[in-house]
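Engineer: One structure coming up, written as structure tokens, with questions to follow.
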Amino acid sequence: MQNQKSTAWRAWQWLDGRYQLAELMGALLHVEIPRSVQTYYLGGIALFFFMVQVVTGILLTLYYQPTPDTAYNSILFIMNEVNFGWLIRSIHAWGANLMVVFTILHLLRVFFQGAYKKPREITWGIGFFLLVITLGFGFTGYLLPWDQRAFWATTVGSEIAGALPLIGEQALIFLRGGADVTARTLTRFYGVHTLILPAMLMALLIIHLTMVHQQGLADPTAKSVNDASTPARKPKKLLPFFPNYLLDEFIAWYIMLAALVILASLFPAGLEEPADPLRTPPHTKPEWYFLFLYQGLKLVPRIMGVIIPIIGGLILLLLPLIDRSPYITARNRPVAIAIGSVTLIAVVALTIWGWLS
Ligand code: HEM
């Protein structure tokens, strides 16, 4: 043990002597955050689920075969023949859902605490794209098992792109790799799911976290952004990021890991019959996080059902530039809080409605 420790210590000394690692670790870890800030560890938990997805996703690619003739059977093989294959697959499926849940909760925390305002406009914008990519993971991953649900949910989902004004047809063909959902769609979705989206998410995540590190977390008790940025307003009560905050974050991850394994074991990911392009199932629905769009499409003319979410997305992306009031506390920005709450209630209501209908 002693010998091992000293070998590790010597290795550390060797590296530190060459790359000044202690200095780098100090700069990364020895930061302080205002005690008044409540992150509820949500951003960190979203990050945790992303790491789970990377690990389980790599394990799944060892057996998964992305062609219409082999995809379904390779999933059956993973579930029935590979040791703990069913569990790894279930953890991947539950992890995907929980990553979406916690990314949305993190967005809501940032919104309601006014942490998107100056000087964090770009951090918010990058966060918006992280959410879009997370949803993209869900959309592309859903097709991969190539069962009836996967095939028809993708057919219905990609039709939404076809309703886009002017570029609808081209968008649909680009998405599917042709007019219909075929082998080309599967290859395309597999490549996007396992290469393009992970690379994009990792790059944006590094930028997102570097920005948070550079600026520190927003103090939710500051009355206005001008007040928050004056050196005189530096919060008096600060919490060391390392070890205090980080330890709490790890406890949150540990609880999430337990919840994930319990959910994946009790409710394993299922598999329907193999995809059959000639047999439309009676009820085809997209994943729960697209249900509000799907239900909304039924209520308004098709073109509006596409344009309204695009405008909604743009407003969300540009929120820090649209809401320019300097106030941070919820009490001082009733209009933003009211609009945000009504939108949230509408999205939840549409989701539940879509789920039940
Ligand atoms: C993959 C998804 C995401 C991950 C892993 C992630 C990670 C994080 C982490 C770890 C933090 C610091 C701790 C915390 O606030 O919990 C943070 C802060 C922040 N995030 Fe995210 N984030 C993601 C998505 C988003 C989204 C969707 C938005 C908004 C559109 C966003 C906006 C922000 C902002 C503005 C901050 C600074 C908050 C402050 O100063 O209090 N993030 N993010």
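Since every read-out is calculated from the coordinates, none of them should be taken as a lab result. What you see is a predicted model; the values in this text were computed from it and never measured. Reconstructed Cβ throughout: ideal geometry from the backbone, glycine too, with neighbour counts over all protein chains shown.
Engineer: Relative to the present Cα-Cα distance, how much length would full extension add between Ser357 and Thr182 at 0.36 nm per residue of separation?
Structural biologist: Residue separation times 0.36 nm, minus the Cα-Cα distance, leaves 60.1 nm.
Engineer: Hey, another quick one. Give me a comma-separated list of calculated 3J(HN,Hα) values for the range 261-277, in order, Karplus coefficients 6.51, -1.76, 1.60 applied at θ = phi - 60°, integers in Hz, x for any Gly or Pro.
Structural biologist: 5, 5, 4, 5, 7, 6, 10, x, 4, x, 8, 8, 5, x, 4, 10, x
Engineer: Next question. Local charge sum around Leu271 (other residues, Cβ-Cβ under 15 Å, Lys/Arg +1, Asp/Glu -1)?
Structural biologist: Overall, the nearby charge balance is -3.
Engineer: Scattering from the C-alpha atoms of the range 1-63 alone, worked out with Debye: what is log10 I(q)/I(0) at q = 0.14, 0.15, 0.27 1/Å?
Structural biologist: So the normalised log intensities work out to -0.84, -0.89, -1.01.
Engineer: So what is the relative contact order for the chain, in percent, with contacts set as C-alpha pairs under 8 Å and at least six apart?
Structural biologist: Once divided by the residue count of the chain, the mean separation gives 26 percent.
Engineer: I'm checking a number: the convex hull volume of the Cα atoms of the chain, normalised per residue, in Å³. What is it?
Structural biologist: 180
Engineer: Just to verify a number: FRET efficiency for Asp227 and Arg331, C-beta to C-beta distance, R0 = 25 Å, to 0.05?
Structural biologist: According to the calculation, E is roughly 0.95.
Engineer: Quick one: compute the contact order of the range 141-210, relative version, from alpha carbon pairs under 8 angstrom and 6+ residues apart, as a percent.
Structural biologist: Across the range 141-210, relative contact order equals 24 percent.
Engineer: If R₀ is 56 angstrom, what is the calculated FRET efficiency for the pair Leu278 and Lys236, using the beta carbon separation as r and rounding to 0.05?
Structural biologist: 0.20
Engineer: Going by amide H atoms built from the backbone, whose H comes under 5 Å of the H on Ile33, apart from near neighbours?
Structural biologist: Answer set, sorted by chain and number: Leu239, Phe241.
Engineer: Consider all pairwise Cα distances in the range 25-144 and report the whole-number % of them above 25 Å.
Structural biologist: Looking at the range 25-144, the distances longer than 25 Å represent 39 percent of pairs.
Engineer: Add +1 for every Lys or Arg and -1 for every Asp or Glu among the other residues with Cβ under 12 Å from the Cβ of Met79, and state the total.
Structural biologist: -1
Engineer: Could you list which residues have their amide H under 5 Å from that of Asp147, counting only those 5 or more apart in sequence or on another chain, with H placed in the peptide plane?
Structural biologist: Sorted by chain and number, the residues that satisfy this are Ala275.
Engineer: Return the calculated 222 nm mean residue ellipticity for the chain, to the nearest 500 deg cm²/dmol, obtained by summing -39500 (n - 2.57) across DSSP H runs with n ≥ 4 and dividing by the residue count.
Structural biologist: After summing the helix terms and dividing by the residues of the chain, the value is -22000 deg cm²/dmol.
Engineer: In whole Å, what is the distance between the alpha-carbon centres of the range 146-183 and the range 252-281?
Structural biologist: 24
Engineer: Continuing with the same structure: Go through the range 205-212 residue by residue and turn each phi into a ³J(HN,Hα) via Karplus (6.51, -1.76, 1.60, θ = phi - 60°); whole Hz please, and just put x for glycine and proline.
Structural biologist: 5, 4, 5, 4, 6, 5, 5, 4
Engineer: A further question follows. For Lys285, what charge total do you get from the other residues with a beta carbon under 12 Å from its beta carbon, if Lys and Arg give +1 and Asp and Glu give -1?
Structural biologist: So the surrounding residues net to +1.
Engineer: I've got another one for you. Show me the ranking of peptides 349-357, 133-141, 283-291 by mean Cβ neighbours inside 10 Å, starting with the highest.
Structural biologist: Highest to lowest by the protection proxy: 133-141, 283-291, 349-357.
Engineer: For the cross-link pairs Lys118/Lys236; Lys117/Lys237; Lys117/Lys223, which exceed 18 Å when the distance is taken from alpha carbon to alpha carbon?
Structural biologist: Listed pairs above 18 Å: Lys118/Lys236; Lys117/Lys237.
Engineer: Continuing with this model, one more query. Averaged over all directions, how much area does the convex hull of the C-alpha atoms of the range 132-180 cover when projected, in nm²?
Structural biologist: 3.4
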